[in-house]
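Derivation of every value follows stated rules applied to the coordinates shown; laboratory data play no part. As the structure is a computational prediction, the values presented were derived from the model and not from experiment. In this analysis, Cβ positions are derived from the backbone assuming ideal geometry, glycine residues included, and neighbour counts consider all displayed protein chains.
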Amino acid sequence: MDSILVHEEDTSKKVLGLLRYSGQNRYVPQTKKLINSAIQVSKANQDGLLLANSYYALGNYYFFNANIDSSLTSLDLADEYLGNKDPMLKASILSTRGGIYSKSGDVTLALSTQLEAKAILEQIDATQLEENAAAQLTGKKLVLYNSLANLYLKIDDYDNALKNYDEAYNLAVKDERALPNTAIILSNKGELLYKMKRYEEALETAHDAKKMKIRAKLPERFVAVSNYHIGRALYQLDSVDVALDYLNNALTQSLDNQYTHGEMLALAERGLIYLQQGNFENALKDCSRSLELAEAMNEIETKIEACDCLYKTQSKLGNFESSLKNFERYTQLKDSLFNEKNVRKITQLGMQYEFDKRDAEQELLIAKKNRQQKLILWGVGVLFVFGLLASIFFRKRLIYQKTITEQQQAIQEQEIVKLRQNNRITAMNSMIEGQEKERARIAKDLHDGLGSLLSSVKSHYIAVTENHTSNKETVDKTEQLIDYACNEVRRISHNMVPHTLAVSGLSDGIKDLADRLTIDNYEVTLDINKLPKLDATKEAMVYRLVQEIVSNIKKHAKAKSIFIQLYAHNDQVFLTVEDDGVGFDLYESKNKKGLGLKNIESRVAYLNGEIDWDSKQGKGTTININFTA
């Protein structure tokens, strides 16, 4: 992260680099800071397209971390900043929306959204793109085709599902880098072939997918799914013993990797095999556990399969009351699923009709526009003459409106200047209060520290002179106290006007602060890069700002390590101070009467800068500040 932020000069490359790194790491919680940094840089450069990319990444982050509402809000912002600039990014935003709708159980809305994304991607001419962009387009298509196939599979539209799996596979297999995606697509296709009762093809495809997953070094839970698919197909082909071996492997791998979904599937299938073999006790155990997991994950198809197994097993064991309850549940679930799929199919047909209707209307609209263009050409001449006459009138009117607008703008600018002056006065008042506090602190240090020490010196000196004796221990003690008093004077003087800041400038002054923190047993990371020469007042203000933040950390944070970063980009200076301490409640702290936060914010206001607090109790604090150099 630091190398991207500090060493990358091109803003676009910097932002896209942060976002690409976040995506490559599957949007784990630690990547949120990277995405927020990308948003901050994009805002500083007022780049709408970079902001759209940044908020799209933030939407993916929330989606991957199961925060659906925040994900949709971020995607809305991405759409707002994007406009019509980048169709590929527009399709990506729609695709993520489709994933959210699918995860929320709205398959119909998910399908219509993904189809809209597909239409956008297929309108992009790959031959007009650069190599990297063309590869990116291919990657987005194969992911989208696989998602569409999964949605069609949910509504039992097997033909469209198979078509999209084949399209996704044909794209993925051409690129060795896409081997993990290729393996997953092939695995999904094998599941579809099983549902189509093409068991031999399903078995062959599942074996191929398993080999590909192992070659791609996918996590073991993916291999567990392939073992489950192989065992299920073997069972349908009457190879029961071999099927049990694969299902046992799938179950072991799922348990070892805490893969609950795989455990549920393997138990349900193994329970049916035990039922067929007459091993009713094990069948009851497996199917009961499978139903329990399916209830927790709301997997309706597995619930149906488990209830079917349980009512038959209970009947064989003579538990007719339990058998009847499970049969009633089985019937209820199956009817519910049947009705739900019928509704989805009807909705899908309606959607397809609307898509076809919209395409026909668009074609008619294009033809109509062509006719209208011819009429427009004839009308241009008439409009030109009319426009010439109207322009004379409107020109005078515009001059008048311009005068009024300039006057209003001048008034607004005066009000803005006045408001800024008021804000500056407020900030200065806060600074004055902070300075008064600093003077009080110095006075207290002089009184309690130096005053007490000098009193002790005087007492020891009197003792020496009154006794007229060479008491070496007393003399030595007196000399030590005098030395310590001198050191106290130097320390207080240094805090008032740091010698390093005055002589060597801001960078060395902050390095001196960091050295003193290291002496105080803090683990300090300091990064100062490309810092421009600031005027003396700003340098002093920035130094006091860092000093105040560090002072607060030492007093309240109970931190072990402190990170300080100071760098410039274009005409902006960025300061970040981060600690691993106990954190605090920002709202509660601001409502207290202490001046710590108030002093920091007043100094930032004096610099005409912006400050962002990020602190949670028990998780440390990060402060980001930027101002114009």
- Difference of contour (0.36 nm per residue) and Cα-Cα distance, Glu588 to Thr537: 15.2 nm
- Assign unit charges at the C-beta atoms only (+1 for Lys and Arg, -1 for Asp and Glu), then state the dipole size of segment 28-125 relative to its Cα centre in Debye, rounded to the nearest 20. 340
- Query: Given Ser551, Tyr567, Ile611, which one lies farthest toward the positive end of the charge dipole of segment 534-617, if we put +1 on the Cβ of every Lys and Arg and -1 on the Cβ of every Asp and Glu?
  - Reply: Ser551
- Message: Using the basic label-point model (7 angstrom from Cα toward the beta carbon), what is the Lys334 to Thr260 distance in nanometres?
- Response: 2.8
- Cα-Cα longer than 27 Å, checked against Lys85/Lys118; Lys163/Lys213; Lys141/Lys334, kept in input order, equals Lys141/Lys334
- Could you state the principal axis extents of the C-alpha atoms in segment 241-301, from the largest down, to the nearest angstrom? 29, 21, 17
- Query: Quick one: putting +1 on the C-beta of Lys and Arg, -1 on the C-beta of Asp and Glu, what dipole do you get for segment 521-619 around its Cα centre, in Debye to the nearest 20?
  - Reply: 420
- Rounded if a/c is under 1.5, else prolate if a/b is larger than b/c, else oblate: which is segment 81-182, with a ≥ b ≥ c the root eigenvalues of its Cα gyration tensor? oblate
- Rounded to the nearest 0.05, what FRET efficiency do Gln123 and Asp166 give with R0 = 30 Å and r taken as the Cβ-Cβ distance? Could you check? 0.90
- Task: Round to the nearest 0.05 the FRET efficiency obtained for Gln414 and Asp508 when R0 = 56 Å and r is the Cβ-Cβ distance.
- Result: 0.85
- Query: Label Ile68 and Tyr199 with points 7 Å out from Cα along Cα→Cβ: what is the distance between them in nm?
  - Reply: 3.7
- Query: How large is the charge dipole for segment 102-171, taken about the Cα centre, if only the Cβ atoms of Lys, Arg (+1) and Asp, Glu (-1) carry charge, to the nearest 20 debye?
  - Reply: 220
- Item | Under 21 Å from the Cα of Lys477 - lysines, other chains or at least 8 residues apart | Lys458
- Message: Just want the answer: with Cβ charges of +1 for Lys and Arg and -1 for Asp and Glu, which residue in Ile185, Met196, Met212 is farthest toward the dipole's positive end in segment 154-221?
- Response: Met212
- Given a cut-off of under 8 Å on Cα pairs at least six residues apart, what relative contact order in percent is computed for segment 66-142? 26
- Item | Inter-centroid distance (Cα atoms) of segment 280-338 relative to segment 54-70, Å | 37
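Report, in listed order, any pair from Lys418/Lys538; Lys555/Lys592; Lys189/Lys303; Lys154/Lys197; Lys32/Lys558; Lys210/Lys285 with a Cα-Cα distance greater than 18 Å.
On the way: Lys418/Lys538 23 Å; Lys555/Lys592 16 Å; Lys189/Lys303 23 Å; Lys154/Lys197 16 Å; Lys32/Lys558 25 Å; Lys210/Lys285 28 Å.
Violating the 18 Å Cα-Cα cut-off are Lys418/Lys538; Lys189/Lys303; Lys32/Lys558; Lys210/Lys285.
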